[in-house]
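One structure is given here, and the rest of the page talks about it.
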Amino acid sequence: MRRKPIIAGNWKMHKTRDEALQFIYAVSNKVPSKNLVDSVICAPFTVLRCLVKRQGDNLRIGAQNMHYLDSGAYTGEISAPMLKAIDVSYVIIGHSERRAMFNETDESVNKKLHKALEYELVPILCIGETLEEREKGVTEEVLKRQLELDLKGLPAEQVKEIVIAYEPIWAIGTGRTATNEVANAACAFIRGEIARLYDEETAQAVRIQYGGSVKVSNIDELMSMPEIDGCLIGGASLKADAFIQMVQSAVNNKAAN
Ligand code: PGA
């Protein structure tokens, strides 16, 4: 099955409104057609609206987190209907930084996935092992457990809509990228688990990204791997030129396969 590649930038806590505007003006008409690739920028809440208004035809905007309830007394939180109301299309769920620093658990990730899908936001679900877990040889166990708990109760039709980002924690922001083979093997394992939990058709439909120190100089090799359908990119997505080049790389490599 041919899966459309998807490149998503994760800006994390970067860019003021002026900086975000500069980026969007430089990028919005330069990314390749949405028929060839999904291009997404996941930005801080404060700039989502201004990016959505200027996103152009081929770029979509995502948030980096959301609450799992519609509304309520949750100071500082943002809900799925709030994101949907301003035409945000994607939302990152369960990023390892949120799991490690903001008490995100598999249980809350699962609730957030249900809620995002209810509001037709495309979730980018992040999973991945720590360095200690990789060195102990328990990477597959960790991925299996995360998938089982995070996807609990979701029907196959909804799982097909989810983008899964395999992000080994030891590769995030460290400059230490997983080798193509390691990244591809983990993505293949994840696809196998989806087949086991659901069926082969669902596994073949779901798009799996690699994330962790992806940059212009290594994205070609990663995107040439058959199980890697895209990348979730932090630091290197902050520069307009680099982002455009990386989206183009996804198109070139998948067209060549
Ligand atoms: P990085 O971050 O590309 O800066 O390593 C990736 C991520 O955290 O999604």
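Starting from the Cα of ASN35, step 7 Å along the direction of its Cβ; do the same at ALA156; then give the gap between the two resulting points in nm.
Label at ASN35, label at ALA156, 3.1 nm between them.
Charges only on Cβ, +1 for Lys and Arg, -1 for Asp and Glu: so what's the dipole of the chain about the Cα centre, in debye to the nearest 20?
That gives the chain a dipole magnitude of about 820 debye.
Quick one: ranking MET66, MET101, MET13, MET82 by accessible area, 1.4 Å probe, largest first, what do you get?
Reading off the accessible areas and sorting them downward yields MET13, MET101, MET82, MET66.
Taking the C-alpha atoms of the range 118-257, how large are the radius of gyration and the largest Cα-Cα span, Dmax, in Å?
When restricted to Cα atoms, the range 118-257 yields Rg and Dmax of 14.7, 41 Å.
Binning at 5 Å from 0, report for the range 77-137 what percent of all alpha-carbon pair distances ends up in each bin.
4, 17, 25, 21, 15, 8, 5, 3, 1
So what's the back-of-envelope 222 nm ellipticity for the chain, counting only DSSP H runs of four-plus at -39500 (n - 2.57) apiece and dividing by all residues, rounded to 500?
-13000 deg cm²/dmol
Kirkwood hydrodynamic radius, the range 42-126, all distinct C-alpha pairs: what's the number in Å?
Kirkwood radius, the range 42-126: 12.9 Å.
Which values, in whole Å and largest first, are the semi-axes of the equivalent ellipsoid of the chain obtained as the square root of 5 times each eigenvalue of the Cα gyration tensor?
Value: 24, 23, 18 Å, ordered largest first.
When the Cα centres of the range 156-185 and the range 23-50 are compared, how far apart do they sit, in Å?
21
Between MET101, VAL138, PRO155, whose Cα lies farthest towards the positive end of the dipole of the range 98-173 when Lys and Arg beta carbons carry +1 and Asp and Glu beta carbons carry -1, centred on the Cα centre?
Ranked along the dipole, the leading option is MET101.
Roll a 1.4 Å probe over the protein chains and send me the accessible area per residue for the range 6-256 in Å².
44
Give the separation of the Cα centroids, the range 216-239 to the range 55-73, in Å.
Result: 23 Å between the Cα centres.
Ordering TRP11, TRP170 by accessible area with a probe of 1.4 Å, largest first, what comes out?
Result, largest first: TRP170, TRP11.
The values are calculated or read from the model by the stated rules, or taken from the named source; none is laboratory data. Please read all numbers here as calculations on a predicted model, not as lab measurements. Cβ: placed from backbone, ideal geometry, glycine included. Neighbour counts: every protein chain shown. Each accessible area value is taken on the protein alone, full model and side chains, heavy atoms only, with ligands, DNA and RNA left out. Shrake-Rupley method; radii C 1.70, N 1.55, O 1.52, S 1.80 Å.
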